[in-house]
Amino acid sequence: MSTGGGPGGAGRPLLRGRLLALGGIVLVALTLRLAVGAVSPLFDRIDPDIPLGATMLALIGTAPPVLFGLAGLLTPPATRRFGLETTLVASLLIGGVGHVVRAVAHDPVVLLIGTALALLGAGVGNVLLPPAVKRYFPDRVGGMTSLYATVIALGATLPPATAVPLADAAGWRVSVGVWVVLCVVAVIPWVAQLIAHGRHVERLDTGAQAVEAQHAGIGGRLLRSPVAWSIGLLFGLSSIHFYAIFAWLPSLLVDLSGLDAAQAGLVLGLFALYGIPASFLVPLLARRWALVMTGVAVAGLVVGYLGMLVIPSVVPVLWVLLIAAGTGLFPLALTLIGLRSRTHVGAIALSGFVQGIGYSLGMLGPLVAGILLSVTGGWTLALWFLLATALLAVPAFVVLRAPRFVEDDVAPKPVQPAG
């Protein structure tokens with residue numbers, strides 16, 4: 001399957017002229033989940049200095065999918081105006097400022113503003129990494145997506161693992177603010193790209209320029225693209241279950257499976273760890289086995305939730321790991337952004353659309369499950385809701401069977417020359 005225009009081609013050495021881009025992509029990936037997990041382990045340390053009521057905790061807890069979805073809407077027009085590399089630099093600086101604002105906050109509102117800035121910066125990076133891969137590594141979309149998705153998963157483990165030890169050693173403000181250092185380091189290769197080559201870093205050949213120009217206005221037409229909606233649904237399906245599980249799994253296991261709080265936390269850790277091998281393997285296999293992996297993910301969700309409904313106290317770890325298979329749709333959707341776009345312009349528009357849709361759907365997971373739990377006093381309807389959302393994959397599965405590009409859905413058909 002062709003991956004479209006851009007620098008490089010089949011057989012081009014990985015690092016020839018692309019070392020800065022490789023380093024930049026890896027470093028950006030490392031920063032994308034820092035804001036999500038840096039504060040929540042420290043709520044008990046923060047509360048004596050900044051009183052955090054239930055409303056503020058709820059706002060901070062629901063902020064990631066909200067800000068990530070907002071970034072999906074804002075990033076494509078910003079990138080058209082300023083360029084991919086400049087927008088990436090701005091996202092890292094905004095995220096770094098957010099970490100600092102959280103660290104110096106003395107009231108809940110400022111803490112929330114810092115959280116919003118840190119998450120918005122990370123959200124822009126979420127949107128721009130797939131098109132950055134498409135731009136610099138069109139010949140290695142699967143391998144590069146595997147690399148950065150794995151780094152994202154590894155980066156997600158850093159704040160929860162180090163937050164409390166850092167707070168013990170230097171205070172919670174240092175623990176929250178130290179991540180600005182990684183944001184600053186990640187800026188360096190992209191600034192070097194801009195200094196070396198100017199705003200329009202890549203010098204496309206004449207044919208590639210024509211292809212990019214043809215699809216320059218694609219963002220406004222994606223609402224009528226079945227490919228874009230299908231990838232967005234897969235991303236949304238993954239987000240629904242990821243955020244719902246992180247919000248409610250410990251309580252679910254304590255109530256239904258008879259585990260204590262420590263055991264439930266350990267099982268949640270296993271759920272999170274699944275993301276590392278999935279992020280590595282899924283993009284490598286996506287070009288050839290995307291539909292098979294979609295089926296496996298949906299089957300895992302269905303069987304896992306049925307197990308929790310019918311026999312929750314029997315091998316609960318197995319049910320959770322089967323549900324975790326459904327979150328493999330996250331790296332799959334990221335890979336499909338590159339594989340189902342012809343140009344990096346198309347990839348930027350598609351990435352923003354997919355992540356805007358996906359994270360908006362992701363908010364529904366913990367929210368609806370929490371409402372159903374509150375109304376019914378039990379987990380049955382919440383589990384049935386989560387199981388039913390697996391049906392979102394069915395129309396996506398049908399559309400993505402055909403090897404179409406998003407540009408094919410929205411671009412006008414070329415006029416055939418007379419004669």
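Before moving on, here are some points about what is shown:
- The numbered conditions (1) of a type in the set (A, V, I, L, M, F, W, C); (2) at pLDDT 50 or above; (3) surrounded by 14 or more Cβ atoms within 10 Å (Cβ to Cβ) are all true for I195 except (3).
- Enumeration of residues in the range 61-87 that are surrounded by 16 or more Cβ atoms within 10 Å (Cβ to Cβ) and farther than 23 Å from F235 by Cβ: G83, E85, T86
- Helices (runs of 4 or more DSSP H) contained entirely in the range 10-52, each with at least 3 residues that are within 14 Å of the chain's Cα centre (by Cα) and modelled with pLDDT of 80 or more: 19-31, 34-37
The values are calculated or read from the model by the stated rules, or taken from the named source; none is laboratory data. As the structure is a prediction and not an experimental result, all values here were calculated from the model. Cβ: placed from backbone, ideal geometry, glycine included. Neighbour counts: every protein chain shown.
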